[in-house]
Amino acid sequence: MTEIQQNSNKLKEVFFRFLIWREKHIKEKNFVLFLALLVGILSGIAALVLKFLIHTISSALTSTVNPEEGNYLYILLPAIGVIITALYVRYIVRDDISHGVTRVLYAISQNKSRLKRHNIYTSVLASSVTIGFGGSVGAEGPIVYTGAAIGSNLGRVFRMSPRILMILVGCGAAAGIAGIFKAPIAGMLFTLEVLMLDLTAVSVMPLLIASITSTTLAYVYTGYEFEFFFAQTEEFYTSRIPYVIMLGLICGFSSLYFTRAMNMMEGFFGRFKNRWFKTVVGCIILSGLVFIFPPLYGEGYGAITGLLAGDTSSIVNGSLFYGDRDSFWFLALFIGLIILSKAFATSSTNGAGGVGGTFAPSLYVGCMTGFLFAFMANYLGWVELSTKNFALMGMAGVMSGVMHAPLMAIFLTAELTGGYDLFLPLLIVSTISYGTIKVFEPYSIYTMRLAKRGELLTHGKDKAVLTLLKIDNVIEKDFLPVYPEMTLKEMVDVIAKSKRNLFPVINERYELMGVVLLDEIRNIMFRPDLYRRMRVSTFMSIPPAKIEVGQSMDDVMKTFDKTGAWNLPVVENGRYIGFVSKSKIFNSYRAVLRHYCDD
């Protein structure tokens, strides 16, 4: 054995002794605070690395871009970045790392909060290339995935329980958002509203510690400047509130359009069987849109900064239409088309094989929507509105609708820009936008994929626990079967051996033919004259419903409610498997509720 191996074994032994000592002397509820601090530090570092890589790559590639003319680099760069990312994911990572927030939700709901080790770094590398080369996505989804993976793996190393592991995943996600945006409150609210973890006495302190730690790192290394510079030079008057309400409605429908366009494009790319053909199609759409509308390049934060600073004409920098920057109707049309095309650029980036999130795109669309609303109102002479203020409100409004997270959208927008003086209109726009989209879409852009499959851990405690139960774990198989041709005498002999009052009737292929309830044959059980004359087929009954193996527990409970039954047979392709009972489900429900939710 080499010296390195010996040292490694000694370290493992020391660590193992530490784990034993910790379990004896430090309660899990207290130790999780230390782990939250570690998660905050590591997630903050990951956020800094990701921002540095994106900025470095993007600056190097676009340093020769001429803002006064069209740049054909915009045709090449996004496609090259997506292709490099696709090669990296398919041949090095060999795992699907797209839709980071949805995958974190799935891990919480279905996979006991376990994320693979490679998720700690693979999303950072892949998204930095995708976005740095001009992919029209955001870095927030990947950093959430990265932070959650850090929390999950750190918790597993220290042998935390599933309940604490879930909290650490939330800590990592919160720290990722807090670090990349310098927004600790928004990071915490993201975990509560989007990842849908309950705010309890056990979870609140770890989430705060992780978020604050990550934000502090960001301030130390990047300074105290806000992510987007915003100086409120125009006072907000209460007489403008009716227009704020109108903007809230517009943001709600803009969110609905963005969500449905993304879903439509996801379905479009899902129909392609050949992965490389899908990549080619996605790159063509993305490159074409970025060339025509350069503000779609990358995260688009430059365009947001320009509009918040009141520099309207900067929106056409680097495009073929630079000469039309002073035309009102051209600028209005240009911004409107950007709003409509952003969802297609984002979905094409991900569909082609790039890695990125929808966080930044929703902020981007919101900024454009709010600005365009005020821009048009001013030109048409309705009223004099501040385009900067309404651009800021639009950011909160569309994010609130797309994410179904109004509180996070309000605080994130305020923390990003320092626009706390506009807190009231931010509240109004976010609330109305959220209420508008909820009428049409019950789930957010992140949760609807899981909700369709019944795999979503939601805010409702009952449904949350039901998603953690599996039908396979509540099937009872100690019911003695009988056969249709058996006589009543043979049936009575089986009853004498059984401890249950319910008997499945099956044929030679083990297919379920019916059931026999003890209460229904009690009146003939003690009549010897019928023992030879009556057969099971004459007194068996058809069950009110059958449960299929693989059904979600939510559907199972709906079936019980519909039929009023207490026991239902479980089949797989018609073959009898066992029975599931309400009492068994209730007992399992209580056990899971205590395991995950006892604080």
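Which condition number in (1) basic (Lys, Arg); (2) under 33 Å from the mean Cα position of the chain (by Cα); (3) open to solvent by 80 Å² or more (accessible area, probe 1.4 Å) is the one that LYS10 fails?
(2)
Which one of these is open to solvent by 50 Å² or more (accessible area, probe 1.4 Å) and either of a type in the set (A, V, I, L, M) or modelled with pLDDT of 85 or more (or both): ALA591, ALA496?
One residue alone meets the criteria, ALA496.
Scan segment 397-421 for residues that are closer than 18 Å to PRO442 by Cα and outside any helix (DSSP H, G or I) and jot them down.
HIS404, ALA405
Output yes when any residue across segment 426-445 is within 25 Å of ALA303 (Cα to Cα), assigned to a helix (DSSP H, G or I), open to solvent by less than 30 Å² (accessible area, probe 1.4 Å) and at pLDDT below 95, and no when none is.
The answer is yes, given that some residue of segment 426-445 is within 25 Å of ALA303 (Cα to Cα), assigned to a helix (DSSP H, G or I), open to solvent by less than 30 Å² (accessible area, probe 1.4 Å) and at pLDDT below 95.
Would it be correct to say that ALA107 is out of contact with any helix residue (DSSP H, G or I) (no Cβ under 6 Å at 6 or more places or on another chain), under 23 Å from ALA173 (Cα atoms) and crowded, with 22+ Cβ neighbours inside 10 Å? Give the derivation first.
Details: out of contact with any helix residue (DSSP H, G or I) (no Cβ under 6 Å at 6 or more places or on another chain): yes; under 23 Å from ALA173 (Cα atoms): yes; crowded, with 22+ Cβ neighbours inside 10 Å: yes.
Yes; evaluated as a whole, the condition is true for this residue.
Kindly indicate whether any position in segment 419-430 is of a type in the set (Val, Ile, Thr), closer than 26 Å to ASN350 by Cβ and under 24 Å from the mean Cα position of the chain (by Cα). Write out each step before concluding.
Here is the first cut: in segment 419-430, the ones of a type in the set (Val, Ile, Thr) are 428-429.
Restricting the remaining residues to those that are closer than 26 Å to ASN350 by Cβ gives none.
No, there is no match, as no residue in segment 419-430 is of a type in the set (Val, Ile, Thr), closer than 26 Å to ASN350 by Cβ and under 24 Å from the mean Cα position of the chain (by Cα).
Being in a helix (DSSP H, G or I) and open to solvent by less than 30 Å² (accessible area, probe 1.4 Å) is the requirement here; does SER127 meet it? Show your work before the answer.
Working: in a helix (DSSP H, G or I): yes; open to solvent by less than 30 Å² (accessible area, probe 1.4 Å): yes.
It is true that SER127 is in a helix (DSSP H, G or I) and open to solvent by less than 30 Å² (accessible area, probe 1.4 Å).
Sort through PRO504, PRO484 and tell me the only one that's modelled with pLDDT of 90 or more and part of a loop (DSSP other than H, G, I, E, B).
Sole residue among the options that is modelled with pLDDT of 90 or more and part of a loop (DSSP other than H, G, I, E, B): PRO484.
Does segment 375-413 hold any residues that are of a type in the set (Asp, Glu) and within 34 Å of the chain's Cα centre (by Cα), and which are they?
Passing the criteria: none in range.
Report the residue count in segment 554-571 for those that are surrounded by fewer than 15 Cβ atoms within 10 Å (Cβ to Cβ) and closer than 16 Å to ARG500 by Cα.
So the count comes out to 1.
I want to confirm something. Restricting to segment 294-347 and keeping residues that are open to solvent by less than 20 Å² (accessible area, probe 1.4 Å) and assigned to a loop (DSSP other than H, G, I, E, B), which single residue is modelled with the lowest pLDDT?
Here the answer is GLY318.
Across segment 355-387, what is the number of residues that are open to solvent by 20 Å² or more (accessible area, probe 1.4 Å), more than 16 Å from SER255 (Cβ to Cβ), touching a residue at least 12 places away in the same chain (Cβ under 8 Å) and in a helix (DSSP H, G or I)?
Counting residues in segment 355-387 that are open to solvent by 20 Å² or more (accessible area, probe 1.4 Å), more than 16 Å from SER255 (Cβ to Cβ), touching a residue at least 12 places away in the same chain (Cβ under 8 Å) and in a helix (DSSP H, G or I) gives 4.
Just checking, which of ARG275, ARG260 is more than 22 Å from TYR446 (Cβ to Cβ), basic (Lys, Arg) and open to solvent by 80 Å² or more (accessible area, probe 1.4 Å)?
ARG275
The values are calculated or read from the model by the stated rules, or taken from the named source; none is laboratory data. None of the values given here were measured: they were computed from a predicted structure. FYI the Cβ positions are ideal-geometry reconstructions off the backbone, even for glycines, and counts take in every protein chain you see. Just the protein is used for accessible areas: all its heavy atoms, side chains included, with ligands, DNA and RNA removed. Shrake-Rupley method; radii C 1.70, N 1.55, O 1.52, S 1.80 Å.
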